[in-house]
Amino acid sequence: MNTILTLLNPQEAARHYASGAWRAATLYSLLQKHAAERPRAHALRDARRRLSWRELLGWVDSVAGSLHQAGVRRGERVAVWLPSRAESVVALLACARNGYVCLPSLHQNYTVAEIVQLLARTRAAALVMQTGYGTGAVPALPPMKAVLDVGAPSFPAPGAACELPPVADPDKIVYLAFTSGTTGVPKGVMHSDNTLLANGRAMVEDWRHDHSTVLLSLSPMSHHIGTVALEQMLAAGFELVVHDAPGGLKPLDWALPCAATHIVGVPPHAIDALATANRRVRAALWPVSTLYMA
């Protein structure tokens with residue numbers, strides 16, 4: 001293994017396991033665990049739907065099955081170009097289940113040319129997208145085995161089983177995030193289940209999250225802070241609310257009906273939230289106990 005390209009080596013891995021930072025669990029196995037223990041508890045919410053752990057697991061399996069039937073195989077890349085909606089979480093977890101490498105960092109403000117370039121650079125085997133999101137339609141490149149449009153009737157619905165057994169290796173590469181590209185060509189950062197969950201477990205412990213936590217991510221799921229929110233959701237088994245506020249609600253207005261107790265985002269989100277709170281008497285009844293700004 002070339003240590004110029006990766007920090008992972010057997011000695012470091014053994015040290016992380018010995019310390020307890022890395023464990024045998026994967027993103028998908030934690031999803032299975034919560035679905036088995038608390039099947040009807042709320043797991044994921046956007047402006048359109050509110051999914052239980054059992055419903056989320058069923059949808060993840062269905063999308064994973066569709067990608068497998070399309071010929072996507074372990075280690076291949078699946079790009080996700082979506083707004084913050086439930087399907088963005090479902091797609092990442094489906095990739096984690098089957099051992100694909102998810103590319104969630106295709107932002108709304110990328111041009112079609114930039115999207116095509118990133119798909120070509122990563123040799124993406126599949127694309128999960130929403131028609132009309134961004135600046136235009138993206139053609140299916142020659143290497144693409146599947147294009148799943150969340151707005152199309154053919155998008156996998158919950159309930160279909162996946163014949164492929166889930167990949168149980170917590171050290172597989174499951175996630176390839178790109179930097180913004182504001183200072184040059186976007187640069188990729190790879191993560192395994194363990195490198196993601198080690199962070200999520202530490203944050204859950206530090207913030208004392210449990211099943212009663214409701215986490216609202218003001219950052220889009222295409223940004224890494226959205227993935228940080230997902231890590232914590234899976235580590236603690238609480239409900240994640242993605243920032244998909246209906247009817248253009250302000251963040252504070254979306255936090256209230258969601259009963260959010262913990263909010264994550266970046267400093268501009270905190271500024272907006274405080275400005276909104278200062279204009280509202282009912283802010284005193286706001287259930288949020290913490291705002292985490294990265």
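One table, with the values for the structure above:
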read-out	value
Test set (1) at pLDDT below 90; (2) under 28 Å from A47 (Cβ atoms) - G151 fails condition number	(1)
Qualifying residues in region 37-96 (those that are of a type in the set (S, T, Y) and not in a strand (DSSP E or B)) - the one farthest from D244 (Cα to Cα)	S66
Sole residue being modelled with pLDDT under 95, open to solvent by 10 Å² or more (accessible area, probe 1.4 Å), part of a loop (DSSP other than H, G, I, E, B) and closer than 18 Å to L56 by Cα, chosen from G159, G136	G159
Given (1) open to solvent by 30 Å² or more (accessible area, probe 1.4 Å); (2) modelled with pLDDT of 95 or more; (3) touching a Lys or Arg at 6+ places or on another chain (Cβ under 9 Å); (4) outside any helix (DSSP H, G or I), index of the condition P143 fails	(2)
Close pairs from region 102-116: first buried (at least 17 other Cβ atoms within 10 Å of the Cβ), partner in a helix (DSSP H, G or I) and of a type in the set (A, V, I, L, M, F, W, C), Cβ under 7 Å, at least 6 apart	C102/A91; C102/L92; C102/C95; P104/L92; L106/I115; L106/L118
Considering residues of region 142-152 that are of a type outside the set (A, V, I, L, M, F, W, C) and under 19 Å from P83 (Cβ atoms) only, the residue farthest from the chain's Cα centre (by Cα)	G151
Boolean, M203 is surrounded by 15 or more Cβ atoms within 10 Å (Cβ to Cβ), touching a helix residue (DSSP H, G or I) at 6+ places or on another chain (Cβ under 8 Å) and more than 29 Å from S66 (Cα to Cα)	yes
Long-range neighbours under 8 Å by Cβ, at least six apart or interchain, first residue open to solvent by less than 10 Å² (accessible area, probe 1.4 Å) within region 119-132, second basic (K, R) and not in a strand (DSSP E or B)	A125/R73; A125/K145; A126/K145
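The values are calculated or read from the model by the stated rules, or taken from the named source; none is laboratory data. Keep in mind the model is a prediction, meaning the values are calculated, not measured. With ideal geometry, Cβ positions are generated from the backbone for all residues, glycine too; neighbour counts draw on all protein chains shown. All accessible areas refer to the heavy atoms of the entire protein, side chains included, with ligands and DNA or RNA removed. Shrake-Rupley method; radii C 1.70, N 1.55, O 1.52, S 1.80 Å.
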